[in-house]
Amino acid sequence: MSAPLLEVRNLRTWFPVRGGVFLAARGHCKAVDDVSLSVWPGETLGLVGESGCGKSTLGKSIVRLVKPTAGQVLFDGTDLAALPMRSLKPYRREIQMIFQDPADSLNARLTVGTMLEEPFVIHGIGNEASRREKVLELLRIVGLPPAAIDRFPFEFSGGQRQRIGIARAIALNPKLIICDEPVSALDASIQSQILNLMLDLQERLRLSYLFIAHDLAVVKHVSDRIAIMYLGHVVESGDGEEVHHQPRHPYTRALISAIPQPVPRRRSYRQILSGEVPSPIDPPPGCPFQTRCPHVQAVCREQMPPLREVAGSGREAHAVACHFDL
Amino acid sequence: MTSTATTSGAAGSGPLLEVRDLAVEFDTDAGRVRAVDRVSFAVRPGTTLGIVGESGCGKSVTALSILRLLPQPMGRIVGGQVLLRGQDLVTAPLDVLHKVRTGQIGMIFQEPMTALNPVQRIGRQLSESFLLHQDVTPREALERSVEVLAKVGIPSPELRVNEYPHQLSGGMRQRVVIAMALSCRPALVIADEPTTALDVTIQAQILELMKSLQQEMGMSIILITHDLGVIAETCDEVLVMYAGRVAEIGPVEEIFARPSHPYTRGLLESIPRLEYPRKTRLRTIEGMVPGLADLPAGCRFHDRCPHRVDRCRAEAPSLEPVAGAHGVACYRWRELAPWTEPAA
């Protein structure tokens, strides 16, 4: 637990917004703006935020499905953001991704067997017989019958397809898996099956997860530490239990109180936010949450509050990006 | 055809809407399937009934059947009654149905972008219903549109009526759809996953808005959702559906305090909650939601049920009363251990 496995430093992913006759960049969509976070070996960092907050773009920037504009992505000490595409190949074994909708992320024309064999072929591992062995073992690990090997993705339910997606991600013994909304397309009774599987695999294979989702209850359940994102920025991060019990940022507090709990007649102590989320295209100066914050002051409209540690340090730090100690 | 005598009609304390033994079938590639089977429930004036279940359980089909909006020609109501103030909508002539659809029952859909016309200004879309059903000039209709937008909490509504749906955020669009559903002061609003496409902080706003409009206007709501949290916080009564049938029905406090169907219990146990210690194994329901083409015989939940006995495979249980209005369709509910909140 000494050094982080993944360290993202001041990462920016801006997309040019083009317009006019020559499609000149007229502004930037600041999807990820100055984000720093770390994932230690064997742990899960949960990344929570609402739609458009940049959480998926951050995940894609780490595996270089999207090229970051600035900043560093240090994996075991190597800056992936600075590497040319060709040199990334060995790292693709180490970092894998699980997507939200396995129906979209699995190739509909390949059998499950071919699909799961592909990573071994690409990285030149084993021969045909040993690869088939490996594929059968993967199916067993994720709880699918051996007969699945000759079937196509459409023959499976949503939950089973996500198992295939997970099997593909763990095929090459990665160290880190970026999970982008892995259970949000699934029914409640299936969601818990997949979450249990992911917890089992983490323990068995010593995996680290960056678990990205909009559902704070799900994220808190699977994560050791969590980071809350809003409009391209991390506004709060820390130990999951601590952030839940002592949220420091007004957005985190609103988010926690907005989650509907299966307990009737709780609604009396709801905190309802007013106002709208600003566009990430040329957002207002100052704090990203200023348009909806119940505690907004003049300084919030002028200065961006930095993410500062309010308790602990390093892996134990609880950090918040707010001018005030609320 | 109208049987006003059997129910108390508009004035009394009887139900506003009563669905009796509704059965719906669909023609599919796999043959004829029964998507909704013997579903009965009632909605009292000014209250909210929640219908909860997983994908394919028939909750949306039930809602669409109330207004006879099933996709044609595949879907068909093959049995049962939908009584609105005593009048059966299943057999009602089209002109009556048209009046009901536009004046008495409003509908809110999941994805507001698909429910709104993208090439018409908000004001024009809202005015349409006033022009159709009330004797007003276009100018008056627009004024009423502004009023109703203000009512659903849209800032500067007099400017918004001139905008197109894409210029609004998701939450604002859903407010417009709600405004539209409420424009003719319906007695009943059917909301099919109204907040599923929205962020949780926006969802809280919209649910709060629906609640306060209900208190103000006194309408009944049928809220369809997959989220038991939303049900707990907004509904008076709950209908739990599984594979086209009613698994359990009753007052919301009852259902959450004494869930009596193994499926309801399974759902409640499998949801991760903030209070749970992290990284503990969640309870699960084994197996998967059956497709409509291969529904199991007997109780449709039996192949996933930890409490099944031979009888569950053979014949389907009918709804038995647990206490008062609380009913459950399970042979073994009495034997199940008393419900305790899932261990935190």
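The values are calculated or read from the model by the stated rules, or taken from the named source; none is laboratory data. If you're wondering where the values come from, they're calculated on a predicted model, not measured in any experiment. Here the Cβ positions follow ideal geometry from the backbone for every residue, glycine too, while neighbour counts run over all protein chains shown.
Observations on the model:
- Criterion: over 26 Å from A:G71 (Cα atoms) and touching a residue at least 24 places away in the same chain (Cβ under 8 Å) - qualifying residue of A:H249, A:H233, A:H244: A:H244
- Restricting A:P284, A:P305, A:P288, A:P280 to those that are more than 29 Å from B:T264 (Cα to Cα) and at pLDDT 95 or above reduces the list to A:P305.
- Some residue of the range A:160-175 being within 9 Å of another protein chain (Cβ to nearest Cβ), modelled with pLDDT under 95, surrounded by 19 or more Cβ atoms within 10 Å (Cβ to Cβ) and not in a strand (DSSP E or B): yes
- In the range A:145-157, residue modelled with the lowest pLDDT [restricted to those that are within 22 Å of B:C305 (Cα to Cα) and surrounded by fewer than 20 Cβ atoms within 10 Å (Cβ to Cβ)]: A:S157
Yes or no, residue by residue, for (1) at pLDDT 95 or above; (2) buried (at least 21 other Cβ atoms within 10 Å of the Cβ):
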{"position": "A:D200", "(1), (2)": "yes, no"}
{"position": "A:S237", "(1), (2)": "yes, yes"}
{"position": "A:R267", "(1), (2)": "no, no"}
{"position": "A:S274", "(1), (2)": "no, no"}
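- Search result, residues across the range B:58-73 that are within 12 Å of the chain's Cα centre (by Cα) and closer than 18 Å to B:A293 by Cβ: B:G58, B:S60, B:V61
- Helices (runs of 4 or more DSSP H) fully within the range B:242-344 that include at least 2 residues being among the acidic types (D, E) and within 12 Å of chain A (Cβ to nearest Cβ): B:252-257.
- Each residue in the range B:72-88 was checked for being assigned to a strand (DSSP E or B) and either surrounded by 15 or more Cβ atoms within 10 Å (Cβ to Cβ) or of a type in the set (K, R) (or both), and 11 of them qualify.
- Restricting attention to the range A:176-193, the residues that are surrounded by 19 or more Cβ atoms within 10 Å (Cβ to Cβ), under 18 Å from the mean Cα position of the chain (by Cα) and either modelled with pLDDT under 95 or not aliphatic (A, V, I, L, M) (or both) add up to 8.
- The range A:239-257: number of residues that are touching an Asp or Glu at 6+ places or on another chain (Cβ under 9 Å), surrounded by 21 or more Cβ atoms within 10 Å (Cβ to Cβ) and either at the interface with another protein chain (Cβ under 10 Å from one of its Cβ atoms) or part of a helix (DSSP H, G or I) (or both): 5
- Scope the range B:181-196; condition outside any loop (DSSP other than H, G, I, E, B) and touching a Ser or Thr at 6+ places or on another chain (Cβ under 7 Å); matching residues: B:L188, B:D192
- Inside the range B:224-236, residues that are within 11 Å of another protein chain (Cβ to nearest Cβ) and within 20 Å of B:S60 (Cβ to Cβ) make up a count of 9.
- The set of residues in the range B:253-301 being free of Cβ contacts under 8 Å to residues at least 24 places away in the same chain and of a type in the set (S, T, Y) consists of B:S270, B:T280, B:T284.
- Meets criteria (modelled with pLDDT under 90 and farther than 20 Å from B:T102 by Cα) for B:S183: no
- Within the range B:193-223, the set of residues being more than 12 Å from every other protein chain (Cβ to nearest Cβ) and touching a His at 6+ places or on another chain (Cβ under 9 Å) comprises B:E193 only.
- Residues (more than 8 Å from chain B (Cβ to nearest Cβ) and over 22 Å from A:E137 (Cα atoms)) located in the range A:183-208: A:V183, A:S184, A:A185, A:L186
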